[in-house]
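**Q** First the structure, then my questions, so here it is.
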Amino acid sequence: MANNYNNANKPPLNIAAIILGWILPGLGHISLGQKRRGFLIMGGVLFLVVCGVLIGGIDAVDHKNDGLWFIPQVWGGLIVVGIDVLNQALIAPLPVVEKVTRVGLSHANEIGTLFIAMAGLMNFVVLLDLIGAVKSEDLERRRTTQDRRAS
Amino acid sequence: MLGWTPFLEPMNAMQSWWYLLLIPLVFGISVIYRALRVEDYAIYWQSVIIMTVQIVLGIGGIAIALGMFVQWVIPLLNQP
């Protein structure tokens, strides 16, 4: 009986939402009905990724030369994988003379890489939040639920 | 700067003011984190700004403390 009670209260494992949340940050929450939260997350992650690429160029994501940085970055979703593919296709094959102007050096590379790594790590936190997220529980609705509990 | 191709080439003009990029970095992190944690949407942007200011001031304070330690305290320790 106690096991049945625990299973009934166990939060659902939203595998589909987690996969969607990786494909496009925020999409997991949107798929659960939490549209405002999802769009805010999407805006935040995309803001960091766009800023990172603007500062460091597309060379800011490079799984071959910056493999350790790519581990946090890849949690930012398909857009980060796409940037890496572009980097490998457009920048990596260039001769050294042409590559010099396209590859970020010093702070430009460091900060650009850091921005995208932080976007990936924050999206990882978002994906963790999706594990126990309840369907159709948006920001205002969450407050209403708490108000009900309090009253 | 005029020959710069955004997104394809790095923004090398920021080499001298790179530390100011802490502000957009922290702002982006705050937008995501507060979206997960805030319970009342009406105070969302307010809480984002508060979190941004708190982190920037915290990191700025640590930077000043470390700078003072390196510039003043360590030279004092080296004196005979």
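**Q** If I ask for residues that are in contact with a Leu (Cβ under 9 Å, 6 or more places away or on another chain) and more than 9 Å from chain B (Cβ to nearest Cβ), which ones from segment A:26-45 would you list?
**A** Matches in segment A:26-45: A:Leu27, A:Gly28, A:Ile30, A:Ser31, A:Leu32, A:Gln34, A:Met42.
**Q** Just to verify a result, which residue in segment A:98-118, among those that are at the interface with chain B (Cβ under 7 Å from one of its Cβ atoms) and small (Gly, Ala, Ser), is farthest from A:Arg37 (Cα to Cα)?
**A** A:Ser106
**Q** Can you tell me which residue is farthest from the chain's Cα centre (by Cα) among those in segment A:50-64 that are part of a loop (DSSP other than H, G, I, E, B) and surrounded by 24 or more Cβ atoms within 10 Å (Cβ to Cβ)? Give the derivation first.
**A** The initial filter retains those residues of segment A:50-64 that are part of a loop (DSSP other than H, G, I, E, B), namely A:57, A:61-64.
Now drop any that are not surrounded by 24 or more Cβ atoms within 10 Å (Cβ to Cβ), which leaves A:57, A:61.
Values: A:Gly57: 19, A:Val61: 14 Å.
Result: A:Gly57.
**Q** Across segment A:78-97, what is the total count of residues that are closer than 17 Å to A:Trp22 by Cα, buried (at least 20 other Cβ atoms within 10 Å of the Cβ) and within 13 Å of another protein chain (Cβ to nearest Cβ)?
**A** Qualifying residue count for the region: 1.
**Q** Those residues that are surrounded by 14 or more Cβ atoms within 10 Å (Cβ to Cβ) and either under 14 Å from the mean Cα position of the chain (by Cα) or more than 7 Å from chain A (Cβ to nearest Cβ) (or both), I need them from segment B:5-32; list them, please.
**A** Of the residues in segment B:5-32, the ones surrounded by 14 or more Cβ atoms within 10 Å (Cβ to Cβ) are B:7-12, B:14, B:18, B:21-22, B:24-32.
Matches in segment B:5-32: B:Trp18, B:Leu21, B:Leu22, B:Pro24, B:Leu25, B:Val26, B:Phe27, B:Gly28, B:Ile29, B:Ser30.
**Q** Six or more apart or on different chains, Cβ atoms under 7 Å: show the pairs whose first residue is in segment A:92-103 and without any contact (Cβ under 8 Å) to a residue 60 or more places away in the chain and whose second is surrounded by 10 or more Cβ atoms within 10 Å (Cβ to Cβ) and outside any loop (DSSP other than H, G, I, E, B).
**A** Final answer for the pair search is A:Leu94/A:Arg102; A:Lys99/A:Ile91; A:Arg102/A:Asp59; A:Arg102/A:Ile91; A:Val103/A:Asp59; A:Val103/A:Ile91.
Values quoted throughout were computed directly from the atomic coordinates according to the rules given, and no laboratory measurement underlies them. Note that this is a predicted model, so its numbers are computed, not measured. Cβ atoms come from the backbone with ideal geometry, glycine included; neighbour counts cover every protein chain shown.
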